[in-house]
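K.L.:
First the structure, which I've put down as C-alpha cells, then a few questions once you've had a look.
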Amino acid sequence: MSNIQQTLSIIKPDAVERNLADEIKSFLIKKNFKIIDNKKIHLNKDEAAEFYKVHQSKPFYNDLCSYLSSGPIVVMILEGENAVASYRKIMGATDPKNAEKNTIRKLYGISIDKNSVHGSDSIDNAKKEIEFFFKN
Ligand code: CMP
C-alpha cells in the first residue's frame with residue numbers, strides 16, 4: 001500500500017553559499033521526491049532559536065542557532081513514498097564523516113555543523129516544521 005508523506009527539508013547556509021541549492025534540488029527530484037513548495041529566506045537568530053527549540057538543552061544550541069541564521073537558507077516541502085524516513089536516508093548521518101556514500105551530507109557536507117541539509121526526524125515534527133515555514 002502506498003504511504004505518501006510530506007517532510008521538511010532545509011538547505012543550510014553552507015550549501016546555499018556554495019551555490020549548491022539547485023544541485024541538491026535536482027538530486028532530490030532524481031530520487032523521486034516532489035518539491036511541493038520552496039523558498040529562500042534568511043532567519044534571524046530568534047526565529048532560528050524557535051525552529052531548533054527541541055535542541056535547547058544541548059550544549060551546541062547557541063552555535064546551532066547562530067549558524068542557521070548566519071545566511072540565506074532554502075526551505076522545501078518534500079513529498080514522496082515514506083518521505084520522512086526516505087529523505088533522512090538520502091541525507092545521510094548528521095556528521096558528514098559518518099555518512100554513507102552518495103548521501104547529500106557525504107557529497108556536500110563540511111562538518112557536523114555545516115552539514116548542508118536538515119530533515120524532519122518524525123512525521124509529527126514534519127507537520128510542525130512545515131507549519132513553521134509555510135503557515136498559509
Ligand atoms: P540537524 O539535522 O539540522 O539538527 C540539529 C543540528 O545540530 C544537526 O543537524 C547538526 O548540524 C547540529 N549539531 C551540532 N553539533 C551536534 C552534535 N554534537 N550532535 C548532533 N547535532 C549537532
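K.L.:
Distances over 18 Å make up what percent of all Cα-Cα pairs in segment 92-136?
P.N.:
41
K.L.:
Still on this structure, I have one more. Among the GluC sites (Glu not before Pro) in segment 23-132, which ones are in a DSSP loop with at most 14 other Cβ atoms within 10 Å of the Cβ? Mind listing them?
P.N.:
For GluC sites (Glu not before Pro) across segment 23-132 that sit outside H, G, I, E and B with at most 14 neighbouring Cβ atoms in 10 Å, the list reads GLU100.
K.L.:
Name the long-range amide H neighbours of SER120: under 5 Å, sequence gap of 5 or more, or other chain; modelled H, no Pro or chain starts.
P.N.:
Under 5 Å from the amide H of SER120 lie the amide H atoms of LEU8, each far enough along the sequence or on another chain.
K.L.:
Give a residue-ordered list of calculated ³J(HN,Hα) values for segment 23-37 (Karplus: 6.51 cos²θ - 1.76 cosθ + 1.60, θ = phi - 60°; whole Hz; x for Gly, Pro).
P.N.:
Coupling constants for segment 23-37: 5, 5, 4, 4, 4, 5, 5, 4, 8, 6, 8, 9, 8, 6, 7 Hz.
K.L.:
Divide by every residue of the chain the summed helix terms, -39500 (n - 2.57) for each DSSP H run of at least 4, and state the resulting mean residue ellipticity at 222 nm, rounded to the nearest 500 deg cm²/dmol.
P.N.:
-10500 deg cm²/dmol
K.L.:
Hey, what do the phi angles of segment 109-115 turn into as Karplus ³J(HN,Hα) couplings, whole Hz, using 6.51/-1.76/1.60 and θ = phi - 60°, x for Gly and Pro?
P.N.:
Each residue of segment 109-115 in turn: x, 10, 7, 4, 7, 8, 9 Hz.
K.L.:
Quick check: convex hull of the Cα atoms in segment 30-91, volume per residue, rounded to a whole Å³?
P.N.:
So the per-residue Cα hull volume is 106 Å³.
K.L.:
From the P(r) of the chain, could you give the percentage of C-alpha pairs in the tail past 28 Å? It would help to have the intermediate numbers written out before the result.
P.N.:
Values: 804 of 9180 pairs.
Within the chain, distances greater than 28 Å cover 9 percent of Cα pairs.
K.L.:
What Kirkwood radius, in Å to one decimal, follows from the Cα pairs of segment 1-55?
P.N.:
Final number for the Kirkwood radius of segment 1-55 is 13.4 Å.
K.L.:
In segment 14-91, which chymotrypsin sites (Phe, Trp or Tyr not before Pro) are in a loop and have at most 13 other Cβ atoms within 10 Å, using DSSP for the loop call?
P.N.:
Those satisfying the criteria are PHE60.
K.L.:
For HIS118, HIS42, HIS55, give the ranking by accessible area with the largest first, probe 1.4 Å.
P.N.:
Ranking HIS118, HIS42, HIS55 by accessible area, largest first, yields HIS42, HIS55, HIS118.
K.L.:
What are the ³J(HN,Hα) couplings of segment 49-55, residue after residue, when phi is run through the Karplus curve with 6.51, -1.76, 1.60 and θ = phi - 60°? Round to Hz, x for glycine and proline.
P.N.:
Computed from phi, the couplings for segment 49-55 are 5, 5, 4, 9, 4, 4, 9 Hz.
The values are calculated or read from the model by the stated rules, or taken from the named source; none is laboratory data. Small disclaimer: the values here were computed from a predicted structure and weren't measured. Using ideal geometry, Cβ is built from the backbone for each residue, glycine included, and neighbour counts are taken over all protein chains shown. All accessible areas refer to the heavy atoms of the entire protein, side chains included, with ligands and DNA or RNA removed. Shrake-Rupley method; radii C 1.70, N 1.55, O 1.52, S 1.80 Å.
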